[in-house]
There are 2 protein chains.
Amino acid sequence: MIKIDIANALMQTLPVSKATALQVVDLLTDRMKNALLDGERIEIRGFGVFEPRPRKRGLGRNIKTGQSVEIPKGKSIRFKAGKDLRDIEVK
Amino acid sequence: MIKIDIANALMQTLPVSKATALQVVDLLTDRMKNALLDGERIEIRGFGVFEPRPRKRGLGRNIKTGQSVEIPKGKSIRFKAGKDLRDIEVK
DNA sequence: GTTCGCGATATCGATTTTGATCATGGAGGC
DNA sequence: GCCTCCATGATCAAAATCGATATCGCGAAC
């Protein structure tokens, strides 16, 4: 599933054009991204929680040389799946 | 940021009522949730990728009794942040 | 206002994530 | 439809997280 599929699903349910649907998806992802960059956590009950968290480990590896590489500061975004996504059966 | 905030941001940009905005958010999360439950991965360039992955570890622990508990089959949803979300500076 | 999901907590150990880099397949802009 | 730019995979090692469970408190959502 890619952006087009989501927009497609949206326009199948609500009376919006595909262009508008794409705008919506774009806008929402942008807003959420912005909020996450701002250090804000996003909680959607029944779906999941996006949480920006500082990266603790600072060591990586250069695959060519095989040597360890220092990883600078940074954050990582963790997504914690909600209840509905945790109770999934293997189909 | 919660669902209302997202809907709010949506109606500030596009000419939709708050009720419609909430419907949109609800619909999208539902669709995405559904796709993930279906084992489908969702890729949105510039935002991130949701990927259902089989859980390999099958052992948990009951904290009350202290005994090991078998973890049944299942999946976990991993969210891999996109480029824009990885290149974040620590504020 | 009411309900119910989610965080926190504690435990333990196997799984996993995390980063650089380069090539390639594919998402998405035009 | 094409072209561009982004995501993926692979590697390695260590630190961190994820599972399960139960319960209370807070707050999201109706």
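The values are calculated or read from the model by the stated rules, or taken from the named source; none is laboratory data. On a predicted model such as this, the values are computed, not experimentally measured, just so you know. So basically every Cβ, Gly included, is an ideal-geometry build from the backbone, and we count neighbours across all protein chains shown. Calculation scope for accessible area: heavy atoms of the full protein, side chains included, ligands and nucleic acids excluded. Shrake-Rupley method; radii C 1.70, N 1.55, O 1.52, S 1.80 Å.
Descriptive notes on the structure:
- If the condition is being within 7 Å of chain A (Cβ to nearest Cβ) and among the acidic types (Asp, Glu), then the range B:27-54 contributes B:40, B:43.
- Within the range B:40-60, restricting attention to residues that are assigned to a loop (DSSP other than H, G, I, E, B) and under 16 Å from residue A:27 (Cα atoms), the residue that is modelled with the lowest pLDDT is B:46.
- Selection from the range A:17-58 of residues that are hydroxyl-bearing (Ser, Thr, Tyr) and open to solvent by 30 Å² or more (accessible area, probe 1.4 Å): A:17, A:20
- Hits in the range A:10-39 - residues which are outside any helix (DSSP H, G or I) and either touching a helix residue (DSSP H, G or I) at 6+ places or on another chain (Cβ under 6 Å) or among the hydroxyl-bearing types (Ser, Thr, Tyr) (or both): A:17
- Annotation: of all residues in the range A:4-16 being over 16 Å from residue B:22 (Cα atoms) and open to solvent by 60 Å² or more (accessible area, probe 1.4 Å), the one that is nearest to DNA strand D (Cβ to nearest atom) is A:4.
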